[in-house]
Amino acid sequence: MIKESEKRSFESVNYMFRPKKQIERKIIIEILQNLSPEIKLNDYIYIGLGSIYYYDFILIHKFLNLKKMISIDDKSTVRRFIFNRPYDYIKFINKKSTEFLQAFNWKASVILWLDYDSKFDVIVLDDLSLISQNCSSGDVVIITLEARIHTKEDWPEFKRKFGTYVSPKYNKQKYFTPKNFPILIQNVVINYLNADLEYRDINFHKIFSFKYKDTAQMYTLGGVFGKENIFKCKKWKNGFVEFGEKIIDIDVPNLTYREKFYIDSHIKKLKQEIEEIEKNTRQYSDYRKREQVMTKKLNKCTKFEISYNDIKKYISYYRYYPQYYEGLI
Amino acid sequence: MPNTEEKQYDEINAMPRKALFIDILTRDVSVRDCILDLVDNSVDSYIRNNLQDQRCIRINLTETGFDIVDDCGGIEYGFLKNEVFRFGANIKRNKPTLGIYGIGMKRAMLKIGGNIILETDDGIKYCKVNFNVDEWITHENWKIPFRTVAGSKLSKTEKGYTRIRIQNLHPQIQKKFALVSFLNSLRETLHITYSYFLNRKISIFVNTQKVEPYKIEVRYDDDYKPVKIKKELDGVLVEVICFVDPRKGRAKKELGKRGWNIFCNKRLILKEEQSETTGWSGEKGQLPKYHSIYHEFRGIVFIDSDDPSRLPLNTSKSGLDKETPIYYQILKLMVKTARPLVDYLSRKYDKAKESIDEIEESMEEGEISLEKNGEEKPKYISIEDLRIRRVSLPRRKKGKEITTITYTREKKIVEKVKQYLKATSNRTVGEETFNYFLEMEGIEDD
């Protein structure tokens with residue numbers, strides 16, 4: 001029997017209907033594909049928290065051709081996790097992430113994606129310590145966390161727990177807001193990793209970070225361990241790599257199939273149209289006003305109403321936008 | 001054949017090798033304590049120059065260099081030439097300064113980097129020392145050349161200063177100086193270690209950010225009054241202040257607010273001490289072993305002397321030298337002063353609680369305030385405003401007479417009720433179910 005306390009996100013939300021999360025997965029896969037030739041992923045082990053859907057595992061296998069895969073989960077429905085493995089070479093380990101990281105032998109290179117569905121807390125730092133103590137140059141680590149603040153009264157408590165790792169410029173209550181919280185978490189996580197790596201000859205180099213909100217606000221950080229950032233001068237195939245502090249916000253509008261197909265089939269034209277409209281509306285200093293005007297102009301060449309902002313967002317992510325269909329099986 | 005009987009005079013070279021000297025000197029000291037040693041020198045300069053006005057110490061550390069500059073009067077030419085760079089300086093001991101052994105500055109420099117530039121101007125003479133350690137280490141001569149100008153370079157309005165710049169940082173130091181966590185912990189340490197000075201006329205900046213002073217306050221209101229005693233022991237003035245400070249709400253850990261805080265010549269040496277060092281040994285004649293029921297106790301000790309060599313300090317000033325006769329006497333005084341309050345806390349919990357486990361449970365929940373203080377807010381006073389006072393135990397609030405009810409029930413059902421009540425402790429379950437009975441039966445509380 002499943003204990004009440006064990007119910008987690010996969011039972012309350014069908015993973016299929018988390019479009020922004022799926023967009024993130026696809027972008028990350030594309031970045032991982034692009035790590036070569038600096039890093040050759042052929043013999044890497046993928047370690048993730050596959051849940052019962054194993055979406056990340058499917059993508060990793062299909063696009064990176066990795067076969068050594070381990071999925072971790074500590075819930076008691078072991079048979080269900082094993083039953084749902086899309087490939088029989090995925091090894092399921094019924095442990096907490098911390099216990100797994102303690103017991104793992106760390107001999108092979110890894111892509112480790114800790115996709116927590118819990119809030120950022122001290123336990124995450126325990127896992128980060130285990131990672132930084134054991135990882136080697138070339139290991140790729142991605143962590144996803146819920147970046148939600150319950151109340152702003154929790155600020156003193158946050159400072160008490162994590163204050164040592166907050167850079168002075170972020171050590172202000174104004175960063176303890178739902179909007180800015182991902183920045184604060186990123187700051188703590190990176191500073192914590194660096195502090196833990198003080199006596200090792202490798203560092204953590206951020207490659208990307210995202211925030212998105214399907215239900216709760218989530219934050220993802222990905223990077224690679226190494227002496228130097230070997231990717232510093234690399235030309236990337238997509239524009240989502242970010243070594244600095246900026247966090248890319250994955251936000252897309254909800255569109256019907258017909259709308260999506262329409263925009264897709266006019267994407268070049270719409271891009272040109274947007275460029276033109278932006279050029280012709282520079283005289284507006286009031287952003288809202290300008291947006292209204294741009295929407296109006298844009299809607300003249302679309303077959304349905306859609307705001308300028310929504311169409312811009314969609315165009316940034318159209319290659320990754322998932323399509324869901326109902327089918328009878 | 002040589003005459004083996006003949007005695008010839010010869011000499012054995014017993015000169016210490018500089019490399020070994022540097023290695024031993026810098027081995028057991030943390031970088032943070034080294035930086036604190038440099039701050040001590042600046043504070044000492046303030047004290048030695050008898051300054052009274054506002055002065056400032058600025059520390060800048062980056063991956064490429066370390067820089068500390070103070071306007072605390074500068075170093076006198078003769079002192080710089082003959083003492084400052086000697087390992088084991090012969091410091092005049094007639095002021096309550098923090099330097100004792102005369103190794104702090106050198107140790108800090110050598111620990112941090114390979115090239116040191118010291119500039120100072122005391123208003124009489126400007127001096128500049130360029131100390132290249134890698135080069136100096138290669139020759140046997142222990143002298144360091146330095147430049148001076150005929151007079152001072154200061155204008156009439158400028159204050160005497162000392163500036164130490166350290167370059168060619170050692171690789172490990174470079175890495176440390178880039179860590180946010182190191183800078184934060186340095187700030188935090190400066191904030192509490194120099195609280196006495198920061199609350200007065202010295203300000204400290206780390207990478208342009210001001211270090212805020214930590215306020216040393218004492219609980220002082222109608223219910224809780226501190227005890228303060230002052231005593232001179234062998235040329236050392238000792239001040240012991242103890243008080244009980246129950247706080248409502250969660251028993252959160254706050255900096256410097258538990259156990260003993262001990263200052264030597266106003267510099268904090270031990271903070272939140274709860275071990276045998278400060279008497280929490282459980283042995284006869286000492287305090288009991290530390291336990292969470294003593295979180296409400298706070299002790300502050302000031303040990304001051306115009307001859308810092310009398311202070312019971314270790315060389316890195318990170319702890320006390322317990323084996324000294326003076327500390328033995330001080331500890332006796334501390335235990336004697338704290339005893340009534342510690343006994344009071346033991347009794348207070350003994351009475352109200354049945355077992356240590358239950359206390360721990362309630363500590364977690366923050367229900368430590370057993371004597372409800374009404375709605376009055378606790379009052380605090382600054383430590384300087386506190387006069388010498390004999391001990392007076394916390395006043396018991398006059399209230400209704402209370403009694404305890406105990407009973408046992410099967411764990412499973414208690415857990416169920418607990419969940420139902422959204423309670424977090426058995427104690428609350430008991431209280432809530434009792435209140436429910438009162439309400440249902442209409443029993444008045446009169």
A:S285 passes all but one of the listed conditions (1) in contact (Cβ under 8 Å) with a residue 60 or more places away in the chain; (2) surrounded by fewer than 17 Cβ atoms within 10 Å (Cβ to Cβ); the exception is number (1)
The condition from (1) assigned to a helix (DSSP H, G or I); (2) surrounded by 15 or more Cβ atoms within 10 Å (Cβ to Cβ) that A:I52 misses is numbered (1)
Reported set for the range B:51-85 where residues are at pLDDT below 90 and outside any helix (DSSP H, G or I) is B:F85
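Okay, residues lined up against (1) in contact with a strand residue (DSSP E or B) (Cβ under 7 Å, 6 or more places away or on another chain); (2) assigned by TED's automatic domain parsing to the domain that holds A:L114; (3) closer than 17 Å to A:Q22 by Cα; (4) surrounded by 14 or more Cβ atoms within 10 Å (Cβ to Cβ):
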site	(1), (2), (3), (4)
A:Q217	yes, yes, yes, yes
A:K232	no, yes, no, no
A:K235	no, yes, no, no
A:T302	no, no, no, yes
(Q) I'd like to know if the range B:204-217 contains one or more residues that are under 25 Å from B:R347 (Cα atoms), assigned to a loop (DSSP other than H, G, I, E, B) and at pLDDT below 85. (A) no
Note on the range B:205-234: residues more than 14 Å from chain A (Cβ to nearest Cβ), farther than 18 Å from B:G299 by Cα and under 16 Å from the mean Cα position of the chain (by Cα) are B:P213
The lone condition B:G282 fails out of (1) free of Cβ contacts under 8 Å to residues at least 60 places away in the same chain; (2) under 14 Å from the mean Cα position of the chain (by Cα) is (2)
By residue number, the members of the range B:258-279 that are in contact (Cβ under 8 Å) with a residue 60 or more places away in the chain and in a loop (DSSP other than H, G, I, E, B) are B:N265, B:K266
The residue that is nearest to the chain's Cα centre (by Cα), considering only those in the range B:285-317 that are among the polar types (S, T, N, Q) and modelled with pLDDT of 90 or more, is B:S305
Being more than 14 Å from chain B (Cβ to nearest Cβ) and touching a residue at least 24 places away in the same chain (Cβ under 8 Å) narrows A:N105, A:N180, A:N134, A:N191 down to just A:N134
B:K111 fails exactly one of (1) crowded, with 19+ Cβ neighbours inside 10 Å; (2) within 14 Å of chain A (Cβ to nearest Cβ); (3) of a type in the set (D, E, K, R), namely (2)
Restricting attention to the range B:100-128, the residues that are touching a residue at least 40 places away in the same chain (Cβ under 8 Å), in a strand (DSSP E or B) and not hydroxyl-bearing (S, T, Y) number exactly 9
Taking the range A:194-215 and the residues there that are away from chain B (no Cβ under 14 Å) and free of Cβ contacts under 8 Å to residues at least 60 places away in the same chain, the one that is surrounded by the fewest Cβ atoms within 10 Å (Cβ to Cβ) would be A:K206
Taking the range B:33-75 and keeping residues surrounded by fewer than 17 Cβ atoms within 10 Å (Cβ to Cβ) and farther than 15 Å from B:R200 by Cα leaves B:N60, B:T62, B:E63, B:T64, B:D67
Residues in the range B:154-184 that are in contact (Cβ under 8 Å) with a residue 60 or more places away in the chain, assigned to a loop (DSSP other than H, G, I, E, B) and within 14 Å of chain A (Cβ to nearest Cβ) total 1
Reported set for the range B:138-153 where residues are assigned to a loop (DSSP other than H, G, I, E, B) and either of a type in the set (D, E, K, R) or closer than 11 Å to B:Y126 by Cα (or both) is B:E140, B:K143, B:V149, B:A150, B:G151, B:S152, B:K153
In the range B:1-40, anything modelled with pLDDT of 90 or more and within 17 Å of the chain's Cα centre (by Cα) is listed as B:S30, B:V31, B:R32, B:D33, B:C34, B:I35, B:L36, B:D37, B:L38, B:V39, B:D40
B:K257: passes all of (1) within 14 Å of chain A (Cβ to nearest Cβ); (2) surrounded by fewer than 18 Cβ atoms within 10 Å (Cβ to Cβ); (3) at pLDDT 90 or above but (3)
When the range A:216-234 is checked residue by residue, the ones that are touching a residue at least 60 places away in the same chain (Cβ under 8 Å) and within 14 Å of another protein chain (Cβ to nearest Cβ) are A:K227
Of the residues in the range A:155-177, those that are surrounded by 15 or more Cβ atoms within 10 Å (Cβ to Cβ), more than 13 Å from chain B (Cβ to nearest Cβ) and assigned to a loop (DSSP other than H, G, I, E, B) come to A:F176
Residue pairs within 8 Å by beta carbon, gap of at least six or interchain, first lying in the range B:11-23 and surrounded by 11 or more Cβ atoms within 10 Å (Cβ to Cβ), second not in a loop (DSSP other than H, G, I, E, B), listed first then second, are B:K18/B:W136; B:I22/B:L110; B:I22/B:V133
Those residues of the range A:143-154 that are away from every other protein chain (no Cβ under 13 Å) and more than 19 Å from A:K95 (Cα to Cα) come to a total of 7
For the range A:106-154, the count of residues that are part of a helix (DSSP H, G or I) and at pLDDT 90 or above equals 11
Of those in the range B:149-186 that are surrounded by 18 or more Cβ atoms within 10 Å (Cβ to Cβ) and small (G, A, S), the residue farthest from the chain's Cα centre (by Cα) is B:G160
Checked pairs for the range B:227-250, first surrounded by fewer than 17 Cβ atoms within 10 Å (Cβ to Cβ), second modelled with pLDDT under 85, C-beta under 7 Å and 6 or more apart or across chains, list as B:K230/B:I388; B:K248/B:S369; B:G249/B:G366; B:R250/B:G366
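The values are calculated or read from the model by the stated rules, or taken from the named source; none is laboratory data. What you are looking at is a predicted structure, and each value in this text was computed from that prediction instead of being measured. Cβ atoms come from the backbone with ideal geometry, glycine included; neighbour counts cover every protein chain shown.
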